[in-house]
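Working notes, structure below.
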Amino acid sequence: MTWLRAAFLRLAALGLPFFFSAVASTHAQDRPEFRVSRVNTPPKIDGVLDDAAWNGPPLELGQWLSYNPLRGDSGPERTEVRVAYDDRNIYFAFRCLSDEPETVRTTVSRRDSVFSDDWVGLSLDSLGTGQTAYHLMVNPSGIQMDAVNTNSAGERFETDFLWYSAGTRTTDGYVVEIAMPLQTIRFSGGSDVRMGIMFWRHVSKSGMSYSWPAMPPGQWVFNRNARLVFPDIAPRRLFELLPSATLPLSQTRAAPDRWNEVDGKPDFGASVKYGVTSQVTLDATVNPDFSQVESDAFQVQVNQRFPTFFSEKRPFFMEGLGLFNLAGTSNDFNMRSAVHTRRIVNPAWGAKLTGTAGDLSFGFLQALDDTPEDIGNRGAAFDRKDKLSSIARASYGLGGSDYVGAIFTDTEHAGRHNRVAGGDLSWKPTPAQGVSALYLYSQTGIESDGTTSGAAAAVSYAYDTRRMFSVVQLEHYDNAFQMDTAFYNRTGFTTAFTYTDVNFYPQWGKRIGLLRLHPLFVGKYGRDRAQGGNEDYVQPGVAFNFNRQGFVRIQSGRGHDWWAGRRFKSGDPLGAFGNIQLFRWLNVGANYFHRGWATFYDPVNPYQGRMTTGGFDLTWQPNEHFNQNFSYAAVRFDRADTGVRVFDVNIVNAKTIYQFDRHFLVRLLEQFDSSRRQLLTDLLASYEFVPGTVFHAGYGSLYEERVFEDGQLILRKGDYLTTRRGLFFKASYLYRF
């Protein structure tokens, strides 16, 4: 295990100086505390505050201040908050007053999809360690949005908790009630138990979000939350059983007038969640149903240098996903996620242990994939071999949102192994400054064929005030670095990246609804060793924030890329994108419009081109129940030396939803990709009582441009034919004991 020892020695050299500095600079912070009263009769969660539990006065919170898109402005809206608890739940009640109650926007919609509405919510750090928090938000119709917030991953909305809410509109605003079961959250029981708390509210008309306590620039929930004190509270042991049954039926076309036999058989599985202690949870699943109810939206995949990302949607993996993220990974950097569970395609079983012990958080995930992707590119014969993935993660809180962490991953597949060890650090020496660091060391080998090893490292510095935000990130990836569990773009490069914007809040802008104006600059310079040259990019621009959740960004970029040993121009003279809630019933967004230099990424014969991109996104909601989303994206690529059109791609994604009530919906997807000559339609009826207790019934069909010649389907010729169709049924039921 020489490679493992070397990895941790390098990690120690990188992280220990930061570690001791972080410990030395941790500052105690006085935070408001509220003692929560126990109630004998639980309130009815119906959106009406007529229960005895709410007879007392609201919490004395003081002034709520804005945190997005402006920082520090006081809100004209008044919000009353009450908290209570009993042996089963923690209860929250919000009375949200409005000077213009007729402008309150609400929809009856799917979970996690009402960010454009008015809403109110909270962040609950139930362990009080500043490492993990439950984020709960509810709109005036009682529709829920929830997320797990961790220091390394931020808010992750993939996980759905079991909790209860209700909301009603009133003549002076709206009311929301929440019941959070004690079984759902992790905490240590006893006397005078302290949990971190922050409240927030979003006002759709202005597009402003407010919080109490206030969140100055560079601060997030763990740095600013207050304390709820429970005089005597005991955890309830968690035990859940989730059986599921799936029946997929599909047919493929055999000839223009004939279909093949129906293919499909029922499949059964079960998952278990068990609270080993009040702070440690074991998840296990056997023959899980990992079918996705909703198809991935079509994306442009022609001439893409980097892989296309598709988010995780499978419940077993989404639970606790934020714990496995690392500092220094994000959408803006080379590594998007160190643990991208969609690399585990179709596991026969999986197990996951997550928990906390004081300031230590830990997790272990293992799954056996019986239809893995061929990461080693060894041919189709190896696709049928099982792959075992094991991931261990730990982080230690240093106070506030600071932490130091470690990760180890191992994949074993048909004589090939990939092992990675490393760690990360997140540290805020002052409220306005943040430092993060990441180091990973990999070893990859195939039996009788030797091993290769490589390292990856990243360090970043961020400065965030009301006037300015700036970040600098340095990244290095060895050519031989590999990490099977991760999603990253490339290896074999070293680069520096910077982003800076300066904020102005012009008084004259209020006359036209302008809230903030911020010039910005993006710069990148580095060495691409894999392609054999230096890369550079500069992009000045300016962005605007308006009322009605409006945002516009205009920018111009110039740079150079290297590909296959050659230097190519990149960038665009002018580009723009933005969005706005134009009316209460219409949201309009413009995708990135630009025409500029681009590269045709042929590994043997690349060439310079000019590319034009653009598109738009519309969401129409004529009433509380109906939602129509339509997006269009187009890419045109012309050869620079001849002007010949190389490819022309059009992508359409349409989604129509009618939500009868908060549990039952009917949804129609229509997706078109001109490059693949495919049209996908997908009709689904879905009933969700609570997360886990669901029933889905759907019909889908795939149309492709095909023609039959000599009894064979020929691609990209003829008319569009239905080449595949199928029915889909799924049912699961969550038993919580």
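The values are calculated or read from the model by the stated rules, or taken from the named source; none is laboratory data. Quantities reported herein were computed from a predicted structural model and do not represent experimental measurements. In this analysis, Cβ positions are derived from the backbone assuming ideal geometry, glycine residues included, and neighbour counts consider all displayed protein chains.
Rundown of residues vs (1) more than 22 Å from Thr159 (Cα to Cα); (2) of a type outside the set (Asp, Glu); (3) buried (at least 17 other Cβ atoms within 10 Å of the Cβ), yes/no style:
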{"site": "Leu683", "(1), (2), (3)": "yes, yes, no"}
{"site": "Gly692", "(1), (2), (3)": "no, yes, yes"}
{"site": "Phe695", "(1), (2), (3)": "no, yes, no"}
{"site": "Ser701", "(1), (2), (3)": "yes, yes, no"}
{"site": "Glu709", "(1), (2), (3)": "yes, no, no"}
{"site": "Lys717", "(1), (2), (3)": "yes, yes, no"}
{"site": "Thr722", "(1), (2), (3)": "yes, yes, no"}
{"site": "Arg725", "(1), (2), (3)": "yes, yes, yes"}
Checklist entry - Tally time: how many residues in the stretch 401-415 are surrounded by fewer than 24 Cβ atoms within 10 Å (Cβ to Cβ), in contact (Cβ under 8 Å) with a residue 40 or more places away in the chain and more than 17 Å from Ala486 (Cα to Cα)? => result 2
Item to check | Within the stretch 175-215, considering residues that are of a type in the set (Ser, Thr, Tyr) and within 23 Å of the chain's Cα centre (by Cα), the one farthest from Asn68 (Cα to Cα) | outcome: Thr184
Checklist entry - Since Val502 meets every condition but one in (1) modelled with pLDDT under 95; (2) surrounded by fewer than 18 Cβ atoms within 10 Å (Cβ to Cβ), which condition does it not meet? => result (1)
Checklist entry - Among the candidates Asp484, Asp478, which residue alone is assigned by TED's automatic domain parsing to the domain that holds Asn418, surrounded by 19 or more Cβ atoms within 10 Å (Cβ to Cβ) and without any contact (Cβ under 8 Å) to a residue 40 or more places away in the chain? => result Asp478
Checklist entry - What number of residues within the stretch 30-58 satisfy the criterion of being surrounded by fewer than 13 Cβ atoms within 10 Å (Cβ to Cβ) and either assigned to a loop (DSSP other than H, G, I, E, B) or aliphatic (A, V, I, L, M) (or both)? => result 8
Checklist outcome for this item: Given (1) crowded, with 21+ Cβ neighbours inside 10 Å; (2) assigned to a strand (DSSP E or B); (3) in contact with a Ser or Thr (Cβ under 7 Å, 6 or more places away or on another chain), Phe92 misses just (3)
Next on the checklist: Could you go through the stretch 666-681 and let me know if any residue there is in a strand (DSSP E or B), modelled with pLDDT under 90 and over 20 Å from Asp267 (Cα atoms).
Outcome noted: no
Next on the checklist: Can you pull out every residue in the stretch 554-566 that is surrounded by 16 or more Cβ atoms within 10 Å (Cβ to Cβ) and either of a type in the set (D, E, K, R) or out of contact with any strand residue (DSSP E or B) (no Cβ under 6 Å at 6 or more places or on another chain) (or both)?
Outcome noted: Arg558, Asp561
Item to check | Failed item, numbered, when Ala214 is tested on (1) assigned to a strand (DSSP E or B); (2) among the aliphatic types (A, V, I, L, M); (3) at pLDDT 90 or above | outcome: (1)
Item to check | Selection from the stretch 194-210 of residues that are within 30 Å of Asp232 (Cα to Cα) and crowded, with 21+ Cβ neighbours inside 10 Å | outcome: Met195, Gly196, Ile197, Met198, Phe199, Trp200, Arg201
Next on the checklist: Taking the condition of being modelled with pLDDT under 95, surrounded by fewer than 19 Cβ atoms within 10 Å (Cβ to Cβ) and out of contact with any Phe, Trp or Tyr (no Cβ under 9 Å at 6 or more places or on another chain), how many residues in the stretch 536-550 meet it?
Outcome noted: 1
Item to check | From the options Ser165, Ser113, Ser152, Ser123, residue that is part of a loop (DSSP other than H, G, I, E, B) and crowded, with 21+ Cβ neighbours inside 10 Å | outcome: Ser152
Item to check | Condition met for Ala458 (under 24 Å from Gly557 (Cβ atoms), at pLDDT 95 or above, surrounded by fewer than 19 Cβ atoms within 10 Å (Cβ to Cβ) and touching a Leu at 6+ places or on another chain (Cβ under 6 Å)) | outcome: no
Checklist outcome for this item: Of (1) under 30 Å from Ile143 (Cα atoms); (2) surrounded by 18 or more Cβ atoms within 10 Å (Cβ to Cβ), Val649 fails just (1)
Item to check | Val690 at pLDDT 95 or above, of a type in the set (A, V, I, L, M) and either under 25 Å from the mean Cα position of the chain (by Cα) or farther than 25 Å from Arg253 by Cα (or both) | outcome: no
Next on the checklist: Please go through the stretch 474-489 and give me each residue that is of a type in the set (A, V, I, L, M, F, W, C) and over 16 Å from Leu326 (Cβ atoms), ordered by number.
Outcome noted: Ala480
Checklist entry - Based on what the data block shows, is Val707 without any contact (Cβ under 8 Å) to a residue 24 or more places away in the chain, in a strand (DSSP E or B) and over 24 Å from the mean Cα position of the chain (by Cα)? => result yes
Checklist entry - What's the number of the condition Lys524 fails, among (1) basic (Lys, Arg); (2) without any contact (Cβ under 8 Å) to a residue 12 or more places away in the chain; (3) surrounded by 15 or more Cβ atoms within 10 Å (Cβ to Cβ)? => result (2)
Checklist entry - Within the bounds of the stretch 465-473, is there any residue that is out of contact with any helix residue (DSSP H, G or I) (no Cβ under 7 Å at 6 or more places or on another chain), within 30 Å of Ala214 (Cα to Cα) and buried (at least 23 other Cβ atoms within 10 Å of the Cβ)? => result no
Checklist outcome for this item: Expected single match for in contact with a strand residue (DSSP E or B) (Cβ under 8 Å, 6 or more places away or on another chain) and at pLDDT below 95 among Asn55, Asn68 is Asn68
